[in-house]
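Reading through the structure tokens given below for one structure.
The values are calculated or read from the model by the stated rules, or taken from the named source; none is laboratory data. Computed from a prediction, not measured in an experiment: that's the story for all the values here. Note: ideal-geometry Cβ built from the backbone for every residue, glycine included; neighbour counts use all protein chains shown. Accessible surface areas use protein heavy atoms only, side chains included; no ligands, DNA or RNA. Shrake-Rupley method; radii C 1.70, N 1.55, O 1.52, S 1.80 Å.
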Amino acid sequence: KEINVFEGEEDAIPIIVDWHSTNKINSIYMLYKTQYMGLEKETILDLVSADVIEEDYYQQDERFTIAPSLLVKQYCAIIEHEINALIQLLNYSDKPNGHLMWGKMKAYVKQHQIKISCITENLDDILTDLHPLRNKAMHGDVISSEEYKIVQKYKVTLFTGISQEKLMLKNKKIGPSIEDIGKIIKY
């Protein structure tokens, strides 16, 4: 009925969970809670909501029954929140006391050359590419489907990268690893 998955500092005996849900949002939430363990709990539901809207209303209908600007707002808000959380984990001497808006956040990332180790793209370049779209969407300008492809290009690897980077900064480990599973299968 209820299973809690959490990160830890020690190796644990793996438990395989086969999850079935009749509620799509709940089902994807449970998947993302495991897949993106480093993301803030509050933003996982935001990410699930955006992905469900994209899949069910944006990608399925050639008339685009949902405006791309809505999705840009949602994904950029998640990115902004999570990059700010990442900045707080870095503990630089000039660490901001509060939330940085996109422009200041981007400048901070550039100044400190903040990287996300498991993605090939430069974080500063990603934030620079997304900044004009974020501003257009937030100020009510129309986002074309071509412009939205820029967000789609980055979103999966960026959320995975942020999640993993935050886990590394917290010295947390996700298990079982591929090696751990290999050991289990041998027995």
Item to check | the stretch 42-59 residues that are more than 15 Å from residue 156 (Cα to Cα), paired with ones that are among the hydroxyl-bearing types (Ser, Thr, Tyr) and open to solvent by 60 Å² or more (accessible area, probe 1.4 Å) (beta carbon under 8 Å, 6 or more apart) | outcome: 57/65; 58/65
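With respect to residue 82, determine if the residue is at pLDDT 95 or above and acidic (Asp, Glu).
Numbers: at pLDDT 95 or above: yes; acidic (Asp, Glu): yes.
When the stated conditions are applied, residue 82 passes them.
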Checklist entry - Given 55, 42, which one is at pLDDT below 90, exposed (fewer than 12 other Cβ atoms within 10 Å of the Cβ) and assigned to a helix (DSSP H, G or I)? => result 42
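Taking residue 79 as the residue in question, decide whether it is closer than 28 Å to residue 8 by Cα, part of a helix (DSSP H, G or I) and in contact with a Leu (Cβ under 7 Å, 6 or more places away or on another chain). Spell out how you get there, then give the answer.
Working: closer than 28 Å to residue 8 by Cα: yes; part of a helix (DSSP H, G or I): yes; in contact with a Leu (Cβ under 7 Å, 6 or more places away or on another chain): yes.
Yes; evaluated as a whole, the condition is true for this residue.
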Checklist outcome for this item: Every listed condition ((1) within 20 Å of the chain's Cα centre (by Cα); (2) part of a loop (DSSP other than H, G, I, E, B); (3) at pLDDT below 95) holds for residue 114 save (3)
Checklist outcome for this item: By residue number, the members of the stretch 90-118 that are touching a helix residue (DSSP H, G or I) at 6+ places or on another chain (Cβ under 7 Å) and polar (S, T, N, Q) are 117
Checklist entry - Within the stretch 117-152, how many residues are open to solvent by 50 Å² or more (accessible area, probe 1.4 Å), β-branched (Val, Ile, Thr) and at pLDDT 95 or above? => result 2
Next on the checklist: Can you tell me which of (1) under 24 Å from residue 87 (Cα atoms); (2) open to solvent by 60 Å² or more (accessible area, probe 1.4 Å) is the one residue 33 doesn't meet?
Outcome noted: (2)
Checklist entry - Looking at this structure, is residue 47 in a helix (DSSP H, G or I), open to solvent by less than 30 Å² (accessible area, probe 1.4 Å) and within 27 Å of residue 9 (Cα to Cα)? => result yes
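Among the residues of the stretch 151-174, write down those that are free of Cβ contacts under 8 Å to residues at least 40 places away in the same chain and assigned to a loop (DSSP other than H, G, I, E, B).
none
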